[in-house]
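A.B. asks: The structure follows.
The values are calculated or read from the model by the stated rules, or taken from the named source; none is laboratory data. These numbers come from a predicted model, not from an experiment. Heads up, the Cβs are rebuilt from the backbone with ideal geometry, glycines too, and the neighbour counts pull from every protein chain shown. To get the accessible areas, we keep the full protein, side chains included, count just its heavy atoms, and leave off ligands, DNA and RNA. Shrake-Rupley method; radii C 1.70, N 1.55, O 1.52, S 1.80 Å.
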Amino acid sequence: MEQRVKKIMAKTFKTEEKKISENASMDTLEEWDSLRHMYLILGLEDEFGVEFSQPQIINMLSYKTILFTLKEVVAGSK
């Protein structure tokens, strides 16, 4: 799951996967703006076949919170 998330983030933010660290966030990636955030959410929803709620989308502002939320949503959909 982590590698898939990094791949989507790298594609969305037009950077290399190796630049997506555990500490990657809206504060550390210059390319992460509100529009690309929505592209990221859509990419994650498409890749994992899930749908995030508005509060989840608002809180998914770092690699760590994305993984946490994604694991929570995937587990809840089973």
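A.B. asks: Go through the range 20-73 and give me each residue that's among the β-branched types (V, I, T), in contact with a Ser or Thr (Cβ under 9 Å, 6 or more places away or on another chain), surrounded by 14 or more Cβ atoms within 10 Å (Cβ to Cβ) and in a loop (DSSP other than H, G, I, E, B).
C.D. replies: V50
A.B. asks: For the range 7-19, which residues satisfy the criterion of being of a type outside the set (G, A, S) and open to solvent by less than 30 Å² (accessible area, probe 1.4 Å)?
C.D. replies: I8, M9, T12, F13
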